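Single-structure report; data block below.
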Amino acid sequence: MSLGKSKSKSATPLIASVFTGVGLKQQSLVYWLVIAALALVGGLIGDSYIRHIFILVFIWCVVIASWDLILGYAGVFNYAQLVFFTFGAYGSGMLSIYAGLTPLLAILAAAGIGAVIGVVIAMPSLRLKGEYVALFTFAVHLALPPLIQQGRAIGMGGNTGLLGIPWLNLFGYQVSPIDKLTWYWVSLTIGAVCVYLIYFVILRGRMGLAFIAMRDADTFAQAIGVNEYRYKLLAFVASAVFTAVAGGVYAHYTGVVTPRVLGTEFFLMAMVMLAIGGMGRFPGAVLGVFIVVIGNELLRSFDDYRLLLLGMAVVLTVIFLPHGMAGLFRKRG
């Protein structure tokens, strides 16, 4: 009897853990069914403005999921996330305009640019600890807009921004920003693949286990052989790559990129998405994006009070749902 009980007790944490692979097929199936439902909804929506909102949601999902990877799961206080987005957007746009790359190739190249920038920012950051990483990365965020504004000589457009970014080309078909339905499906596909790779491939594998170990028990993780420097560097690079891809998609969708993407409002919106959704808890970050982007648009008629209402939403979430919306679904993995 005691042997049977010990077996059942030892089996319980295995089933409950999201990092054992148990239930991965079922969860993946549910995920792709949701994506299929969203694709169907896109065809049923008749209002182009609503499609536009969903396109922004899908792009933001990649940005916030990438930030969740490094901040929520790896526990690295990186506040340069929009820097990766900006380099991806400007890099993809400039490669299309000046180097003649097709938009799809330029977006792939933006991933490489993101990887390089991730390494550049990670190298000094990983010599620091805790809040000093946050201060350094936020300083990088603050320093970039003046550099972009002085970048007119290298074709960055300065204050005006980078204009005339080519439209997306799919097998010879030019996808203009007016074609919201095609953009809806394109952004959904790219967003779905990126989010799946982050949450179902990277974070469900060896790398994800290392991130969780570093976040929850840094000293113990190093004691059992987790190379802190290596995995934190990987966290920076992976986060930067996906975010840069989102930046490239955004650039070719809007046709213009300005230093405004590094503005206070964009940064605060990203923080609100993570706070309301919940860090390190899938699907918290994704839920936060849907809630904040759609909620922000619904509050446009209350423009004077919009940021105040969003701030109140964050305060109420922190008080009543300290782990964000994802805390309603399951315990921390």
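The values are calculated or read from the model by the stated rules, or taken from the named source; none is laboratory data. Note that this is a predicted model, so its numbers are computed, not measured. Here the Cβ positions follow ideal geometry from the backbone for every residue, glycine too, while neighbour counts run over all protein chains shown. What goes into the accessible areas is simple: the full protein's heavy atoms, side chains included, and nothing from ligands, DNA or RNA. Shrake-Rupley method; radii C 1.70, N 1.55, O 1.52, S 1.80 Å.
Contact list please: Cβ distance under 7 Å, first residue in the range 110-138 and at positive phi and at pLDDT below 95, second residue open to solvent by 10 Å² or more (accessible area, probe 1.4 Å) and in a loop (DSSP other than H, G, I, E, B), pairs at least six apart or on different chains.
Listed pairs, sorted by first residue: G130/F77.
Please return the ranges of helices (runs of 4 or more DSSP H) entirely within the range 168-239 where 3 or more residues are in contact (Cβ under 8 Å) with a residue 40 or more places away in the chain.
Counting at least 3 such residues, we get 180-196, 206-216.
Within the range 131-150, how many residues turn out to be out of contact with any Gly (no Cβ under 9 Å at 6 or more places or on another chain) and open to solvent by 30 Å² or more (accessible area, probe 1.4 Å)?
Residues that pass the stated criteria total 11.
Of the residues that sit in the range 291-308 and are more than 22 Å from the chain's Cα centre (by Cα) and open to solvent by less than 70 Å² (accessible area, probe 1.4 Å), which one is modelled with the lowest pLDDT?
This residue is R306.
Which numbered condition in (1) surrounded by fewer than 18 Cβ atoms within 10 Å (Cβ to Cβ); (2) over 23 Å from A110 (Cβ atoms) is the only one that T189 fails?
Only one criterion is unmet by T189, namely (2).
If I ask for residues that are crowded, with 24+ Cβ neighbours inside 10 Å and touching a His at 6+ places or on another chain (Cβ under 7 Å), which ones from the range 58-91 would you list?
Those that are crowded, with 24+ Cβ neighbours inside 10 Å and touching a His at 6+ places or on another chain (Cβ under 7 Å): A80, V83.
Which members of the range 42-57 meet the condition of being open to solvent by 10 Å² or more (accessible area, probe 1.4 Å), assigned to a helix (DSSP H, G or I) and either more than 19 Å from A251 (Cα to Cα) or touching a residue at least 40 places away in the same chain (Cβ under 8 Å) (or both)?
Scanning the range 42-57 gives G43, L44, S48, I50, R51, H52, I53, F54, L56.
Considering only residues of the range 23-41 that are of a type outside the set (A, V, I, L, M, F, W, C) and part of a helix (DSSP H, G or I), which is nearest to W183 (Cα to Cα)?
My answer is Y31.
For the range 156-170, enumerate the residues that are farther than 15 Å from I107 by Cβ and surrounded by fewer than 18 Cβ atoms within 10 Å (Cβ to Cβ).
Answer for the range 156-170, where residues must be farther than 15 Å from I107 by Cβ and surrounded by fewer than 18 Cβ atoms within 10 Å (Cβ to Cβ): G158, N159, T160, L163, G164.
Quick check: anything in the range 260-270 touching a residue at least 24 places away in the same chain (Cβ under 8 Å), closer than 24 Å to F200 by Cα and open to solvent by 60 Å² or more (accessible area, probe 1.4 Å)?
No, the range 260-270 contains no residue that is touching a residue at least 24 places away in the same chain (Cβ under 8 Å), closer than 24 Å to F200 by Cα and open to solvent by 60 Å² or more (accessible area, probe 1.4 Å).
Among residues belonging to the range 281-290 that are of a type outside the set (F, W, Y) and part of a helix (DSSP H, G or I), point out the one that is surrounded by the most Cβ atoms within 10 Å (Cβ to Cβ).
Selected residue: A285.
Given the options T243, T219, T258, name the one that is farther than 24 Å from A134 by Cβ and of a type in the set (V, I, T).
T258
I'd like to check something: does the range 10-23 contain any residue that is under 22 Å from Y199 (Cβ atoms) and at pLDDT 70 or above?
yes
What about G248, is it under 19 Å from A65 (Cβ atoms), of a type in the set (G, A, S), surrounded by 13 or more Cβ atoms within 10 Å (Cβ to Cβ) and without any contact (Cβ under 8 Å) to a residue 60 or more places away in the chain?
no
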